[in-house]
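Engineer: This is the structure I want to talk about, given as structure tokens.
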Amino acid sequence: MSPDGNPFNIDESPELSARVLSDISVSGPVLAFFTSAVVWLLIGTVFGLTASLKFNFPDWLASLPALTFGRVRPAHLNTIMYGWISLASAGCSIWLTVRLCRVEVRWRKLLYPSVFFWNLGVLYGTIAILIGDNRGLEWLEFPRGAALLIALAFVCLSLSILRTFHARQVKHIYVSLWYILASVVWFPILYVIANLPFYSGVTQAAVNWWFAHNAITVWFTPIGLAAAYYFIPKVIGRPIYSYYLSLLGFWSFALFYNWNGIHHLVGGPLPTWLISVSIVASVLMFIPVTTVAINHHLTTVGHFGKLRYSPTLRFVVFGAMCYTAVSFQGSIEALRSFNEISHFTHYTIGHAHLGMYAFASMILFGAIYYTMPRLVRWEWPYPILIKYHFWLVAFGIALYVGSMTVGGILQGLYMNEASRPFIESVEVTKPYLLARSGAGVLILIGHLIFIYLFCLMILRRGPERKAPPWREKMEVVAP
Amino acid sequence: MMFIRATTFFLGVLATLFLGWAGLTLIPGIQIREVKPSSELKPYTEEQLRGRAIYIREGCIYCHSQQTRPEGYGADQLRNWGRPSLPGDYVYDKPHLLGTMRTGPDLFNIAARQPSEDWHLIHLYNPRALSPGSLMSPYPWLFKEEDVFSKEVYAATGERVVPVPKGFAPEDKVIIATQEALDLVAYLLSLNHTYPIKTEK
Amino acid sequence: MSLPLAGLILILIALIGGTMAMVAFIWAVRTKQFKDLNAGAYIIFDEEEPVGKMTDNTFGFPESEKSNKNKKGRGEYESRW
């Protein structure tokens, strides 16, 4: 056992680089985060497909209260957000932290409780939603007990990351680390304030949507960007194009994105100045998003051929491009003239999935494909399956976003034509909702393949592929 | 030096969060706190609150909004969904149920558009019995099925029979509304904010 | 507290905060915090994984013990590590 309780025997390994030592020190907790994330990915995907099918066949399984759309849909959102995406992001962020600080993880003992309480919170919250104990606020449906567990779990993660940062052996703090450090300080504060019991009426609506958008601002997006800023240059082997741009990008992101939340309530019963402020902030997001896009693009340009060799690069570049797309889309969507058509329609759902799937989830897939071999010291056994995963979900999400975008616009246009009965705005979406379910099937199959591969990695099964040199130098005692 | 840098960083990061929080929730909250509700808006009764809890439980917010937009923002006014809703209309709403989707119509004034208790009960039992193209989920667990007896028997017990159209309920059964269904409909029938607002400052 | 007063306070906070940010920025530039900023971009590389070397070749390297040298263009990416 090494001094901080790490079960790997590293006494005979003076030649192991700091990089490898960092990886080993966090492998247990990161694997725990990733494994639980993947379980929630499966559950969340099934909930999502079920919810979608409920629109295609409303009387299917209609006598089961737990599977009614009104419960399955929030179950899908919460298991994906606080389960899959959050847990995968947590694993990714602590791994990136040790890599970028070039040090072994500190306060490792806080990470396993973090995994445990996080999962317990999501499980408790999800069951609550299915049996009808929903707090009635979008993105905040979990009972306060579940939210408390998640907040505690997050604080454990934050403390470990901050303590590790404090022990860093680097002179420069890489851009990814700015986003991660900001994240772990922002999110617990945000989550606690949002869950306080003091609000009601339209003020509560403002708090609700400040929270929901800020969860994207302070947690999901920063980790996605942190990963993209690391994996793109790291896999290709070139530094980020302009470090100055990333500095501008970070601070303009922090300043503007925090003001976006009320764009979810355009036209709503709130002071006009408040809504306008959020619309302006949403449009100002062009600045940070463009700097990120320039940076990532100019780092990759001339090296797109490398996507043939690296699944991580495929997923992360796809995700980074979709970040640009979804952000520009969001800036337009916030404008009153566009919002008049798209508000309350499936267009919003398409936008949400372009962000949370095509950006956040795809990048997390890329991160997992990169880190897993370095954590379990085993190569992905069937690369062809990784290709199937990629293409199935890429087509799937394209179909999803495409169908919801077109269907949503039509829905909005029909809704705005008062001469058309409301039901026509429903009828026009039906073929698109069917296409969405088809997309869900493609995505589910892609996920099943991914989960199969992940299980093989955890168990170190499947054909053994060429081992990395450092492993040949020493025998590592596995946990 | 590193300490100053790190401190500046964290202070800056926290500042961006709190500035946004203050601008989007604190200041508006202070402004909205001053708003008094119209005297015609009554607090919810016990029954309506129970019904509201069922509305939340079944996730009605994921398909229905409760905010009527002004002219220039869609066709809410042209569809006669009610005058533009204002902060004062939501004073007794905890949690708020503004909603963000209109897979189904806005419900803020549904009681004014559809005041029939029978209609709502049948619609909840199976939406397609009254609205053929509807995608809404049915809520059969808010109802119970009993073997058919004469109407007089039910009238005597005080059970609320729901006149579900033929073909949408089993032939040999009668559909009875449970207390939950009645509570939910009581809540829906409380959703009428068409009272005029006094233009005061 | 009335709205105009609250708004005024918010604007004051923003102005003070913005001024502090500007001061911090000017201080940073003066004390040359930004001089070697681009060096930070190189921190993700090390001796074993230097600039110019791809660090992920999952689709590239051999399925078995058989060599991959015959495949065109793949020789340069032999080792992930």
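Engineer: Give me the distance in nm between label points sitting 7 Å out from Cα along the Cα-to-Cβ direction at B:TYR92 and A:VAL441, one decimal.
Structural biologist: About 4.9 nm separates the two model spin labels.
Engineer: While we're here: Taking GluC sites (Glu not before Pro) as candidate sites, keep only those in a DSSP loop with at most 10 other Cβ atoms within 10 Å, then name the longest stretch of chain A containing none of them.
Structural biologist: Values: sites that count: A:GLU15, A:GLU475.
Free of exposed loop sites, the longest segment is A:16-474.
Engineer: How far, in degrees from 0 to 90, does helix A:201-215 lean away from the longest principal axis of the Cα atoms of chain A, to the nearest 10?
Structural biologist: With rounding to tens, the tilt is 30 degrees.
Engineer: What is the average number of partner chain Cβ atoms found within 10 Å of a Cβ in A:227-240? If you can, show how the numbers build up before the last one.
Structural biologist: Numbers: counts 0, 0, 2, 1, 3, 0, 6, 6, 4, 6, 11, 5, 9, 5.
Shielding by partners across A:227-240 averages 4.
Engineer: If you don't mind, another one. Under a 10 Å cutoff between Cα atoms, tell me which one of B:LEU98, B:LEU17, B:LEU189 has the largest fluctuation in the Gaussian network model of chain B.
Structural biologist: Result: B:LEU17 has the largest fluctuation of those listed.
Engineer: Measure off 7 Å from each Cα along the Cα-to-Cβ vector at A:ARG460 and B:LEU49, then give the distance between these two points in nanometres to one decimal.
Structural biologist: Using points 7 Å along Cα→Cβ, the separation is 6.0 nm.
Engineer: On a 0 to 90 degree scale, rounded to 10, what angle separates helix A:18-56 from the longest Cα axis of chain A?
Structural biologist: In chain A, helix A:18-56 runs at an angle near 20 degrees to the longest axis.
Engineer: Determine the shielding of peptide A:432-445 by partner chains: average, over its residues, the number of Cβ atoms on other chains within 10 angstrom of each Cβ. Display every interim value, and only then the final one.
Structural biologist: On the way: counts 0, 2, 0, 0, 0, 0, 0, 0, 0, 0, 0, 0, 0, 0.
Rounded to a whole number, the mean comes out at 0.
Engineer: Further, regarding this structure: Could you pull out the pairs from A:LYS109/A:LYS387; B:LYS94/B:LYS166; A:LYS171/A:LYS234 whose alpha carbons sit more than 30 Å apart here?
Structural biologist: Numbers: A:LYS109/A:LYS387 37 Å; B:LYS94/B:LYS166 39 Å; A:LYS171/A:LYS234 19 Å.
Checking Cα-Cα distances, A:LYS109/A:LYS387; B:LYS94/B:LYS166 exceed 30 Å.
Engineer: Here's a follow-up. Among B:99-110, A:194-205, how do they line up by average Cβ neighbours within 10 Å per residue, starting with the highest?
Structural biologist: Numbers: B:99-110: 22.2, A:194-205: 19.5.
Top to bottom by mean Cβ count within 10 Å: B:99-110, A:194-205.
Engineer: So if we plug the beta-carbon distance of A:VAL301 and B:ASN80 into 1/(1 + (r/R0)^6) with R0 = 60 Å, what FRET efficiency do we get, rounded to 0.05? Could the numbers behind the result be given before it?
Structural biologist: Numbers: r = 55 Å, r/R0 = 0.92.
Efficiency at R0 = 60 Å is approximately 0.60.
Engineer: Could you tell me which of rounded, prolate or oblate describes segment A:68-127, using a ≥ b ≥ c as the square roots of the eigenvalues of the alpha-carbon gyration tensor, with rounded for a/c under 1.5 and, failing that, prolate when a/b is larger than b/c and oblate otherwise? Let's see the in-between values first.
Structural biologist: Numbers: a/c = 7.54, a/b = 2.31, b/c = 3.27.
It comes out oblate by the Cα gyration axes.
Engineer: Tilt of helix B:179-188 relative to the longest C-alpha principal axis of chain B, in degrees (0 to 90, nearest 10)?
Structural biologist: Result, in degrees: 60.
Engineer: For segment A:202-326, what class follows from the C-alpha gyration tensor (a ≥ b ≥ c being the square roots of its eigenvalues): rounded when a/c is under 1.5, otherwise prolate if a/b is larger than b/c, else oblate? Don't skip to the answer; put the middle values down first.
Structural biologist: Working: a/c = 3.04, a/b = 2.40, b/c = 1.26.
In terms of gyration-tensor shape, prolate.
Engineer: Taking the highest mean first, how do the peptides A:310-318, C:45-53 order by number of other beta carbon atoms within 10 angstrom per residue? If you can, show how the numbers build up before the last one.
Structural biologist: Values: A:310-318: 25.9, C:45-53: 13.1.
Result, highest mean first: A:310-318, C:45-53.
Engineer: Here's a follow-up. Using a basic spin-label model with each label point 7 Å from the Cα along Cα→Cβ, how many nm lie between A:LEU448 and C:ALA14?
Structural biologist: Label-label distance for A:LEU448 and C:ALA14, simple model: 5.3 nm.
Engineer: What's the average, rounded to a whole number, of partner chain beta-carbon atoms within 10 Å of each residue's beta-carbon in A:456-465? It would help to have the intermediate numbers written out before the result.
Structural biologist: Numbers: counts 0, 0, 0, 0, 0, 0, 0, 2, 2, 7.
Mean shielding count: 1.
Engineer: Once the piece of chain linking A:VAL280 and A:LEU162 is laid out straight, how much longer is it, given 0.36 nm per residue of separation minus the C-alpha distance between them? Working shown, then result.
Structural biologist: Values: separation 118, 0.36 × 118 = 42.48 nm, distance 3.34 nm.
Result: 39.1 nm gained on full extension.
Each reported figure results from applying straightforward, stated rules to the coordinates on display, with no laboratory input. This is a predicted model, so every value here is computed, not measured. In this analysis, Cβ positions are derived from the backbone assuming ideal geometry, glycine residues included, and neighbour counts consider all displayed protein chains.
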